[in-house]
Amino acid sequence: MRATSNPVFKNLPKQETGYASFGSAAAGAGQLGYQYGNQQYPPQYQQQPYPPQAPTRSLTIDDVVTKTGITLGVLALSALVTYILTSANTALAPMFVIGGGIIGLVLVLVATFGRKMDNPAIVLAYAVAEGVFVGALSFMFTDITFGGAGGAGMIGQAVLGTFGVFAGMLVVYKTGAIRVTPRFTRMIIGAMIGILVLVVGNLIASFFMDGGFGLRDGGPIAIIFSLVVIAIAAFSFLLDFDAADQLIRAQAPPKAAWGVALGLTVTLVWLYVEILRLLSYFQSD
């Protein structure tokens, strides 16, 4: 199996082959015991071999689809409730964005570095937190109170764009138009690290100069930067699809589908927020 940075692969269960060997050895030892002293016992007193172990079910694509659907459903419900609450009380929006974003980040870090990506409680808790974050942020991007525009129509466009990109990259992956190689993986991970550095640097610079480096001020540089980020987020789906394929081929346990669902949800949220931000630039013009 190709090396990967996904922590889920480091915890893949080893293939269990000891049961069959253990059963054969026990049966053979019993036969030797019964023939001790050249005396053959009647067949009804001879020890029978251990019954074969029932095979355990491994991960399937249906598991991945089901767990991802559940996770996205929880996120969507949480986002909808949050959007309604912020519409009734706009003062809640900043608090929900900050709180939901921080809690979601902490849960992802716990799942990743604590090797608990297959824990459904953590994955669903992340979905709730990110739903709060996405719902409040969507309201802030589209409500005039926070300088936004476009309303619910722009949110619908962002949702359609997000799942359109997801479907397109799935077709690209299944047709093999772009193959996920170790070099490709390193390039995407390097690009994501570069984007993170630029975003943090722009945030720090904004404390000292108006608009920072201009990466988020809605100008031409900001539009180009958002397009680049959307492209990197789209290519990240290929890494998620490949991770799911590797787990299925490795016959991972069904609970590993929660880890795949978490990875896909993180990428979907990232892509949605960036598309929504790009659309807000054109609405403000």
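The values are calculated or read from the model by the stated rules, or taken from the named source; none is laboratory data. For clarity, every value in this text was computed on a predicted model and none was experimentally measured. Cβ coordinates were reconstructed from backbone atoms using ideal geometry, including for glycine residues, and neighbour counts include every protein chain displayed. The accessibility values were calculated without ligands, DNA or RNA, using every heavy atom of the protein model including side chains. Shrake-Rupley method; radii C 1.70, N 1.55, O 1.52, S 1.80 Å.
For this structure, a couple of remarks:
- Inter-label distance, PHE113 to SER87: 3.9 nm, where each label sits 7 Å from its Cα along the C-beta direction.
- Point-to-point label distance, PHE207-VAL171, nm (Cα→Cβ direction, 7 Å offset): 4.6 nm
- Taking every protein chain into account, the 1.4 Å probe leaves ASP217 with about 100 Å² of accessible area, to the nearest ten.
- Rg/Rg_ref, the stretch 140-285, where Rg_ref = 2.2 N^0.38 Å and atoms are Cα: 1.18
- Among ILE84, PHE184, MET117 - extreme Cα towards positive end, dipole of the stretch 64-205, charges at beta-carbon: PHE184
- Using a Förster distance of 22 Å, the FRET efficiency for ARG179-VAL200 (Cβ separation, nearest 0.05): 0.10
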